[in-house]
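Here is the structure we will look at, set down as structure tokens.
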Amino acid sequence: MNTFQRKKLHTLLSAAVFCMCALLATPSLQAAPSRADTLYNEAVQHVQEELTALRSVNLLYGHIAAIKSRVESLHSTIAETLAAAAADVRDAADALAAEEEAIYEAGLEASKAYDEKYHEAMQEMPPNYEAIAAAWQELQARRAELDARTATAKLRYEAAVEAVAEVLNGVSADMSVQIASLREDGAQAEEIRKMLAEYENEWAAASAAQRESEAGRTLQAAAEAARGGIDVWTDGTDYGALARALASALEAFIKYVTAIDAVNVADAAAGDVYDLSGRLLLRGVTVETAERSLPAGIYVVNGRKVYLR
């Protein structure tokens, strides 16, 4: 190798060392969100959408104690799940950052080691270009090893974040089912609440004998069960069954009471007949005439509810 060739090799190696040192010593720029990051962000958004739906249920039926407690319990569970997911992702990101920092430091050490070998070889007379070339190959091998280590660390991060996203997607799917159930239960619980108000009115107007009747005892039991169902939620509560039982008992009790009233007013003087909305249907007729003229049902005759057959 002549003097010109040695100088040219020296210049090329110096430039390569400079570029390599700059590469290893410069921290990487903020990377764009990875596929796992995108999946995680989408999963969080889906859960947030379900939380919005849950708040809507609370606005509609939060005045019903059992529904409110279920909403609060579900909201608390989801908030804890989101917090745990965020913590897991932070841990994965911290682990990746720590590994990248270690790789960065290892890169600096490799660059420093090469630089020392390079200068030692250049101090020899003549310069030991074979040693420099060997050191350069060693640096490239170390760089490939660190690149592989970086790739492994990123794959580990991706896998951890994708696992969190999968959990959140399962949570949002489960929430969707539970919220649909809450909406249905809330609507039935609201009907129960309205029927209980009607029950209170009918019960207050009933006599002691009517309350002690079989229809009265059945109604009271159905009302207590329905009230308990909308006040305190327990697993397996069937709002539909509670609503049907209360509606049936309430209807039977009203028919029982109005049947007695019909007997009491059967011989009374003729009077006006109204429907339950207050519309005048017949004027100045007896109960017998009203029964022949109107469909079976509950009406107001002489100011009293009467069941006309």
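Worth pointing out:
- ³J(HN,Hα) computed for each position of region 123-139 - Karplus, 6.51 cos²θ - 1.76 cosθ + 1.60, integer Hz, glycine/proline x: 6, 6, 10, x, x, 8, 5, 5, 5, 5, 4, 5, 5, 5, 4, 5, 5
- Computed from Cα atoms alone, the Kirkwood hydrodynamic radius reported for region 151-291 is 19.4 Å.
- Note: relative contact order over the chain, using C-alpha pairs below 8 Å and six or more positions apart, is 18 percent.
- Magnitude of the charge dipole, region 164-234, Cβ model with Lys/Arg +1 and Asp/Glu -1, debye to 20: 120 debye
- Only Lys, Arg, Asp and Glu carry charge here, each on its Cβ (+1 for the first two, -1 for the last two); on that basis the chain has a dipole of about 800 debye about its Cα centre.
- Couplings 3J(HN,Hα) of region 197-204, computed from phi: 5, 5, 4, 4, 5, 5, 5, 5 Hz, in residue order, whole Hz [Karplus 6.51 cos²θ - 1.76 cosθ + 1.60, θ = phi - 60°; x for Gly and Pro].
- Taking 287, 47, 164 in turn, the Gaussian network model of the chain (Cα-Cα springs below 10 Å) assigns the largest fluctuation to 287.
- The H on the amide N of residue 282, modeled in the peptide plane, is under 5 Å from the matching H of 273, each at least 5 residues off or on a different chain.
- Measuring max minus min along each principal axis, the C-alpha atoms of the chain give extents of 138, 33, 20 Å (largest first).
- The ranking of 244, 143 by Cβ neighbour count inside 10 Å, starting from the fewest, reads 244, 143.
- The mean of 1/r over all pairs of different alpha-carbon atoms in region 65-132, once inverted, gives a Kirkwood hydrodynamic radius of 16.9 Å.
- Simple label model, 7 Å out from Cα along Cβ direction - residue 149 to residue 83, nm: 3.7 nm
- Residue order, fewest to most beta carbons within 10 Å, for 286, 77, 52: 52, 77, 286
- Note on residue 302 and residue 214: the model spin-label points, each 7 Å out from Cα along the C-beta direction, lie 2.8 nm apart.
- Gyration tensor (alpha-carbon) shape descriptor, region 266-309, a/c threshold 1.5: rounded
- Working note: Karplus 6.51/-1.76/1.60 with θ = phi - 60° gives region 209-215 the couplings 5, 5, 5, 7, 5, 4, 5 Hz, where Gly and Pro are set to x.
- Here the residues 179, 230, 298, ranked from fewest to most Cβ neighbours within 10 Å of their Cβ, fall in the order 298, 179, 230.
- Among 53, 205, 92, the largest mean-square fluctuation in a Gaussian network model of the chain (Cα springs under 10 Å) belongs to 205.
The numbers here are math on the coordinates, done by the rules we state, and not lab data. Everything numeric in this text was worked out from a predicted model, so none of it was measured. Cβ: placed from backbone, ideal geometry, glycine included. Neighbour counts: every protein chain shown.
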